[in-house]
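Single-structure report; data block below.
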Amino acid sequence: MADVTYKQYDTSPALEVKALANADGSYINMSGGSVKFMLRKTGQSTLSVSVTSTSTTLALSTGSTSTGYNVTYSWSTGELATVGSYEWELECTLATGKVITVPNNKYYTLDVIDDLG
């Protein structure tokens with residue numbers, strides 16, 4: 001079962017990750033940092049979507065190390081046009097330049113199922 005499922009061609013709801021955290025559960029300090037959203041079809045090496053937080057479709061919320069930072073990705077038309085299973089992750093670049101990938105021990109999963117209409 002996928003972490004999230006969408007119908008083919010949908011652009012809503014946005015994909016959300018709440019409170020970016022390290023493997024130990026502590027919140028990642030994203031103050032002054034940036035995030036990149038990457039999505040690919042399962043078993044493929046080519047990315048279907050690759051967007052940084054400087055884009056209008058990917059937002060990194062204002063947060064703190066006590067409440068966490070949230071990431072929201074708003075789908076663009078056509079990004080969910082191909083039925084299938086996908087894997088995705090967030091690459092977080094800290095203000096120090098260090099990079100942390102969320103999740104760091106697997107991929108999030110997403111399924112796109114066909115639309116009847």
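A few points about this structure:
- Filter result (more than 20 Å from ASP111 (Cα to Cα) and among the hydroxyl-bearing types (Ser, Thr, Tyr)) within segment 11-50: SER26, TYR27, SER31, SER34
- Of SER64, SER76, SER85, all but one fail to be at pLDDT below 90 and either among the small types (Gly, Ala, Ser) or touching a helix residue (DSSP H, G or I) at 6+ places or on another chain (Cβ under 9 Å) (or both); the exception is SER64.
- Residues located in segment 81-111, provided they are assigned to a loop (DSSP other than H, G, I, E, B) and under 14 Å from the mean Cα position of the chain (by Cα): PRO103, ASN104, LYS106, TYR107
- Filtering segment 11-39 to residues that are free of Cβ contacts under 8 Å to residues at least 60 places away in the same chain and either loosely packed, with under 11 Cβ neighbours inside 10 Å or outside any strand (DSSP E or B) (or both) leaves PRO13, LYS18, ALA19, ASP24, GLY25, SER26.
- Residue under evaluation SER50, criteria (1) surrounded by fewer than 15 Cβ atoms within 10 Å (Cβ to Cβ); (2) on the phi > 0 side of the Ramachandran plot; (3) hydroxyl-bearing (Ser, Thr, Tyr), criterion not met: (2)
- Restricting attention to segment 60-80, the residues that are surrounded by 12 or more Cβ atoms within 10 Å (Cβ to Cβ) and in a strand (DSSP E or B) add up to 5.
- The sole residue among LYS36, LYS18 that is under 10 Å from the mean Cα position of the chain (by Cα) and basic (Lys, Arg) is LYS36.
- Criterion (under 13 Å from the mean Cα position of the chain (by Cα) and in contact (Cβ under 8 Å) with a residue 40 or more places away in the chain) met by exactly one of THR72, THR52, THR42: THR72
The values are calculated or read from the model by the stated rules, or taken from the named source; none is laboratory data. In this text, all values refer to a predicted model and were calculated from it rather than measured experimentally. With ideal geometry, Cβ positions are generated from the backbone for all residues, glycine too; neighbour counts draw on all protein chains shown.
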